[in-house]
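Data first, discussion second: the structure below is written as C-alpha cells.
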Amino acid sequence: MSASIAQNTRILIVGSGLTGSLTCYHLRALAKQKKIVLPIILDVADMARGPGGRMSTTRYGTNNNNLQQANTGAQYLSTSSSKSAALLESMCLSSSSRTTTTTTTTTTKTPQCHLDRVEDPVRRSTHFIADSDDAYTHWLPRDGATNSVVKQFLRDGEPDRVIFGSRLQQMVMDSSSSSTSTIPQLLPLYDSGGTGSSTYDIVILAMPPKDIIKFFNDDKKDPQSQADLHRRTNNRGKKRRGATTPNQRAIILPNDVLRRLRTPSYVGRYSLALWLHDDDRAFANKAQHAFNTQRCNNNDDPPSPSHPVLDMVSSQEGGRVLVAQSTVKLWRRLTNTRGGGRHIAKSSLLEALERLTGDTLPRVKHTKLLNWRTSQVANSPETTGEGIVTAEGGRLIFTGDWCYESSFEGCNLAAEAAAIAAVDTIRSMVEDGSGLKAR
C-alpha cells in the first residue's frame, strides 16, 4: 500500500445542498478535533452549477440590471434545538474570508450572511416531525437568498475539491491494479464534467432517496426523481454510463436498504413568480392582503389557508414581485401529467390570483414557474428517527432531510449522523486492517 493511502482517507460527498454542505462542515470539524484516526481528503460533487440545492429558491428577472429577487420556495431556516440555533447563528456571524477551490479557474468568496427571525411563517409550507410547530424558531437571510447560508457551511467545511456540473450516473467498485488500496475502491462514473478516475474509501450521497437508488441496481423512471428529471431534459439520446472495465462491478443494494430508501414520501408545490411594473404594485399588495384575510378568517389554530389552489401569496420588493405557491393537492393532481402539469398549474395560479383580488391580472414584465418536485418530506413511522442508511459495510452512506424532517434542524441531524458514521467506518477499517492504516 502506498504511503498516501496509508496516511489519508478519501471521502466524496455527492450533493452540495444543505445536508451535503453541513456534512462537509461536520466532517472537517471532527478532523480538526482529531476525532478521526486518519487525515481525510474531502471532495464534493454536484450536478448543479453551484451549492444550495433546494435552498436555491431565489430567482431574478431577465434584465441583468433588474436586481428584484423573488423568494419562491422553502427559504425558511427552522430550528427546534438550542444546539442547531447556536450553530446557525454562529455560522452567520463568521466573517472569515477563505476561498473554496473548484475544478474551474474561478474562485469566489462567500460574503458574511445576516439572519432575521420570522415570528409568523407560512405554516402550511412546513412539515415538522421532530417537534411541534410551536417549538421552532424560523430565520430568513436579511440580504440575498437562503443558499448563502449553504455556501457558508460548504466554505467552512474546507473541501479539498469541489466539482460542479458533474451528473453522477453510477457508483461502482473498482479493483483495478492501479488502485493503491488493498480493498476495492468506490468509483463514481459521471456523464459530464468531473473526473471519473478518482476513487474513494467512503462515499456519502446527500440527496433524495429515490435519486440514490438510480445510481445502483434500480433505474426505473420515477416522477419524483430529480435525477430522472435532469436525464430527460439534459441527457436526451445518451446512454446511461456503466462499468467500463472487467475490474469494475456494479453495486447491488440489499433489499433492506432498498426498503428504507423507498419508504419516505415527498410532496411538492408549484411556485409562480411575477415581476410587475411599478404602476401595478397595488395588485401584488392587494393579493397578499386578500389571501392573509382569508387565512385568518378560518377556525384553524394556527390559521391555515383553505384555498383549493393557493398555499401562499407573498408581495415582495415593494409590490414589484408577486409570488404565489400552490397547494400540495394541486401538485399531486398535476405533477404526473404530460409536461409535469406546468401549463395547467400556471393557468390555475393566475386564475386564482384574479379571483382572489377581483381584478384582471395586469401585464407583467416577466414570469417564472418552478416545480418543486422534492420540496418537503413526510416520513412514515417506519423510518422516522432511524436516521441515515448505510451499505457496503458503512462505506456507502445515504443521508438527507428525509432521514428526519425537511428543516434546518432535520438536515443538521442527518449531516451529523452521516459524519459520525463516516468516522466509525474509518475506525472500523483501521481496526480490522481492511485497507487503511493509522499513522
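Summary of computed values
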{"quantity": "Those strands (runs of 3 or more DSSP E) lying entirely in segment 24-106 with at least 2 residues under 16 Å from V150 (Cα atoms), in contact with a Phe, Trp or Tyr (Cβ under 6 Å, 6 or more places away or on another chain) and modelled with pLDDT under 90", "calculated": "77-79"}
{"quantity": "Of all residues in segment 352-377 being in a helix (DSSP H, G or I) and either touching a Leu at 6+ places or on another chain (Cβ under 6 Å) or modelled with pLDDT of 95 or more (or both), the one that is farthest from R281 (Cα to Cα)", "calculated": "A352"}
{"quantity": "Hits in segment 344-369 (condition: surrounded by fewer than 21 Cβ atoms within 10 Å (Cβ to Cβ) and more than 24 Å from T293 (Cβ to Cβ))", "calculated": "I344, K346, S347, R363, K365, H366, T367, K368, L369"}
{"quantity": "Some residue of segment 410-429 being out of contact with any His (no Cβ under 6 Å at 6 or more places or on another chain), at pLDDT below 85, surrounded by 15 or more Cβ atoms within 10 Å (Cβ to Cβ) and among the basic types (K, R)", "calculated": "no"}
{"quantity": "Residue count, segment 386-401 (criterion: under 13 Å from M429 (Cβ atoms) and not in a helix (DSSP H, G or I))", "calculated": "1"}
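The values are calculated or read from the model by the stated rules, or taken from the named source; none is laboratory data. Note that the structure is predicted; figures quoted are calculated from it, not measured. No Cβ is skipped: glycine too gets one built from the backbone with ideal geometry, and neighbour counts run over all protein chains shown.
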